[in-house]
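The values are calculated or read from the model by the stated rules, or taken from the named source; none is laboratory data. None of the values given here were measured: they were computed from a predicted structure. Cβ placement follows ideal geometry from the backbone for every residue including glycine, while neighbour counts extend to all protein chains displayed. Accessible surface is based on the protein model in full, side chains and every heavy atom, while ligands, DNA and RNA are left aside. Shrake-Rupley method; radii C 1.70, N 1.55, O 1.52, S 1.80 Å.
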Amino acid sequence: MAGFWLAFVCAIAAYCIFSTVAAQNSTSRNYTVGVQVSDIWYSGSADTLYITLCHRTTTNNATSSNNCLKWLAIDNGMQSRGAWYTFEYVNQTDIGVVDLVKLVTYENDQFCMQAVSVDGVTFTSSEAIGFQCMDVSDEAAAGTCSVVDAILDDSATVFNGELYEGTACANVGLIDTSASNVVAREVIPAEPGTRTYELSLTVSNYPFSGTVNDLYMRLCVDETRQNCTQKCLAYDDPDTSCTNDWFLFAGGVREEGNTYKGYWNTKDLGDVGYADIVIFGADMFCLSRLEIDGVDANAGSLPECISDESQLGCGAISVDLNNEVFSTSSAEQCSYGINSNDTFVEVQKYVFKFATSSVIGCGAEATIFFAFCTVDGSYQYPQFCSEVYQINTQLPDSDTEYTFTVDVSEYSRFNTISDVYSVDLWAYETEMWCLSDVTLNGITADGEAVLGPNADSGTFSVQMSTDVDDGKFCEGVTVNLVSSQFAEFSDGPYEAITECRWNAKIAANGTIEINEEPSDGAFNPIEWTAENPAWVAGGAVAIVCLCILCGVCCQRIMKKHKEVAFQDSDKSGSNWHGGNSAFY
C-alpha cells in the first residue's frame, strides 16, 4: 500500500512539473527591436530586409532555429542614414534573453547599420569600425544572401557580416525567409480614440533634393485646416485638452529618390485628404510624391521644392491628396505654431501690414478697402467677418510696406491672431496695383507685440477690368493667411458676380475709415531685435568702437591738460613740486 501512495505522489509531481514546463514553453510576450542606419553616405536601403531575434545556445554562434523568432519582413527597407527604425514583435514565443539580432538581404541596394536595440537597451559595436554593411551584387548566383549578425554583449558587442552564395544561403539553416517562416508586421493596438496613419514620402530624383533640415508634417480632413492632427490628454474624452500634433522627420530626408516611411499614432480624424509639410532652414527639400494610408499624390515630372532662409520664417508644401494638387508657400513669419503658440495669445489690436511689389508703378493710388474673416466667413457669410475698412491714405508707392492698426476689443469673434483666416482687399477704381505681402501681427492689452502670419505672393498684380468708376464694380484679392494663397477676383457686368461682392455689407453697415501708421503704434525693441539680428550685432560693435575712441580722446585731453598746467607753472616761477602727480 505504501508503494501505491508513493507512486501516486510521484505521478502527481511529474504532472505538475510537466504542466509547468509546458506553460513556460507556451509563454508569449512582445519584443521591440530597433536598428540605427549608419551615418556614412548611401547607408540606407530601399530593398526588402529581414530581421529576427535569437537566443544563442552555443558559444560558436551555431544557434538552433528553435531559439529564434520567425523573420520580420521590412518592406522598402530602412532608407534614412543616421535614423532609428523600430519594429514590434507582438505575441511571440518567449525565447529567453535575446543575445543575437540577425539581418539578411537578397538584393543589391547596400545597407549599413551602426547600432541595434532590444526592448529599449542599445548596443553598439566595440570594434574600431563601428558599422557593418551588407548587399548582394547583381552578378551573384540565385539565392545568394548577405547576413549581419549582431552578437549582443554589454561589454563587447560585435557586428559580423557574411555572404552566403547560392544554395549556401539556405543551407545555413537559420536563413529561411519563406512565407511560412515570416511574420506579418504587427502594430500594438492603439489607444482608444487614436489611429495609426501609414506615411510614405518620396524625395525627388533631382540633385540636391534631399535635406538635412527637420521636416514637420500634419494631416487634415478639410481644406481650411480646421480639423488636423492633434495630441490629447485623453483621446476617448471629448472634453479633453488637445494641441496641434506634427510628425517629425528628424534630421531631414537626405537621399535623392528614396522613399521614407513611417507609422504615426495620433488622434483619429478618420480618412484625411490634406497634408502640410513645413521646413525651417535654407537646405532645400524637393517632394516627388506623398502617400497617406494608400492615397497617393504624385507631384508629376517637376517636383515641389521648399526652403527658407529668414530668421522667423518657414517654407511649406500643401498637398490635396485626392486631387493630387501641390502648392508651395514661404513666409517671413511662420504661423503654424510649431515653434510657438503666439497666434493663440489674446490680443486687443490687429496690426495689418500690406506690402506693394517692387515692380515700378505697382503702388495703389486708388482707395483700397479691406475686411477680414474667420474660417466660416466670406462675402456670402459676412456675419463671420469684420467691418469694411476704407484706407484713406492709399498705398501709393512701390516696394513699400503700409501699416494699419485695427482695434478688435469690441469684436466677439476676433480675440487672437489665429481667429483670422482670410483677408479681402479690393478697389473700385481703374487702377493697376500689385500686392506682394500681407502680414498680421497683434498687440496685447499690456502693449506687447505678438508676431503672426506672413503671406507672401511673390509679385502679385491686381488690375481693374472695367473703365467704370462708379463704386459698383470692383477687383481685388482674397489672401488666405493659413495657406499663404492669393486668389484674385473681379466683379463686374461681364463676370459671374455682376456687382462688387462686398457692396451689400457696405450698404448695410457702411465703412470705417482708417489711416496709415508709421509703426505698430509704438516702437517695440523686442520685435525689432528679433527681426534685425544683423543690425543688433553691428550696433554692438559700433558702440564698443565708439567707447574705445572716446577713451582715447579723453586720455589725450587729460595729457594735454597736464602739459599746459606744467608749462603755466614753469612760466610763473611758482614752486611746483609735483603734488599728486602720481595720479596723472
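Can you pull out every residue in the stretch 323-358 that is within 19 Å of the chain's Cα centre (by Cα), of a type in the set (Gly, Ala, Ser) and farther than 17 Å from Ser483 by Cα? Answer for the stretch 323-358, where residues must be within 19 Å of the chain's Cα centre (by Cα), of a type in the set (Gly, Ala, Ser) and farther than 17 Å from Ser483 by Cα: just Ser340. Residue count for the stretch 213-242, restricted to those that are assigned to a loop (DSSP other than H, G, I, E, B), at pLDDT 90 or above and of a type in the set (A, V, I, L, M, F, W, C): 1.
The residues of the stretch 408-429 that are more than 25 Å from Arg225 (Cβ to Cβ), of a type outside the set (Asp, Glu) and open to solvent by 20 Å² or more (accessible area, probe 1.4 Å), listed by number, are Ser409, Tyr428.
Residues that are open to solvent by less than 50 Å² (accessible area, probe 1.4 Å) and under 26 Å from Val97 (Cβ atoms) were ranked within the stretch 112-122; the one that is farthest from the chain's Cα centre (by Cα) is Val118.
Just one of the listed residues (Ser330, Ser310) is part of a loop (DSSP other than H, G, I, E, B), of a type in the set (Ser, Thr, Tyr) and open to solvent by 40 Å² or more (accessible area, probe 1.4 Å), and it is Ser310. Quick check on the stretch 34-84: of everything there that is modelled with pLDDT of 85 or more and of a type in the set (Ser, Thr, Tyr), which residue is surrounded by the most Cβ atoms within 10 Å (Cβ to Cβ)? Result: Ser45.
Within the stretch 106-129, residues that are closer than 20 Å to Trp71 by Cβ sit with their Cβ atoms under 8 Å from residues that are of a type in the set (Val, Ile, Thr) and open to solvent by 70 Å² or more (accessible area, probe 1.4 Å), at 6+ positions apart or across chains, in these pairs: Val116/Thr122; Ser117/Thr86.
Residue selection: Thr266 satisfies the criterion of being at pLDDT 85 or above, farther than 30 Å from Glu309 by Cβ and in contact with an Asp or Glu (Cβ under 6 Å, 6 or more places away or on another chain).
Scanning the stretch 365-407 for residues that are under 21 Å from Glu429 (Cα atoms), open to solvent by 30 Å² or more (accessible area, probe 1.4 Å) and hydrophobic (A, V, I, L, M, F, W, C) yields no hits at all. Restricted to the stretch 278-293, and to residues there that are farther than 12 Å from Leu199 by Cα and among the aliphatic types (A, V, I, L, M), the residue that is surrounded by the fewest Cβ atoms within 10 Å (Cβ to Cβ) is Ala282. Number of residues in the stretch 85-101 that are assigned to a loop (DSSP other than H, G, I, E, B), β-branched (Val, Ile, Thr) and surrounded by fewer than 19 Cβ atoms within 10 Å (Cβ to Cβ) equals 2. Note on the stretch 430-476: among residues that are at pLDDT below 85, of a type in the set (Asp, Glu) and touching a Ser or Thr at 6+ places or on another chain (Cβ under 7 Å), the one that is surrounded by the fewest Cβ atoms within 10 Å (Cβ to Cβ) is Asp467. When the stretch 148-191 is filtered for residues that are hydrophobic (A, V, I, L, M, F, W, C), at pLDDT 80 or above and open to solvent by less than 60 Å² (accessible area, probe 1.4 Å), the ones remaining, listed by number, are Val148, Ala150, Ile151, Leu152, Ala156, Val158, Phe159, Ala168, Cys169, Val182. The set of residues in the stretch 125-136 being open to solvent by 30 Å² or more (accessible area, probe 1.4 Å) and at pLDDT 90 or above consists of Gln132, Cys133, Asp135.
In the list Tyr336, Tyr260, Tyr274, which residue meets the criterion of being hydroxyl-bearing (Ser, Thr, Tyr) and within 18 Å of Val212 (Cβ to Cβ)? Going through Tyr336, Tyr260, Tyr274 in turn, the sole match is Tyr260. Residues of the stretch 338-346 include at least one that is on the phi < 0 side of the Ramachandran plot, in a strand (DSSP E or B) and of a type outside the set (Phe, Trp, Tyr). Within the stretch 192-212, the residues that satisfy the criterion of being open to solvent by 30 Å² or more (accessible area, probe 1.4 Å) and either assigned to a loop (DSSP other than H, G, I, E, B) or closer than 15 Å to Ala316 by Cβ (or both) are Pro192, Gly193, Asn205, Tyr206, Pro207, Phe208, Val212. In this structure, is Asp296 surrounded by fewer than 17 Cβ atoms within 10 Å (Cβ to Cβ), farther than 19 Å from Val37 by Cβ and modelled with pLDDT of 90 or more? Yes: the conditions hold for Asp296. Residues that are acidic (Asp, Glu) and within 14 Å of Val203 (Cα to Cα) within the stretch 271-293 comprise Asp283, Glu291, listed in sequence order. Taking the stretch 361-413 and the strands (runs of 3 or more DSSP E) fully enclosed by it, the elements with 2 or more residues that are charged (D, E, K, R) are at 401-407.
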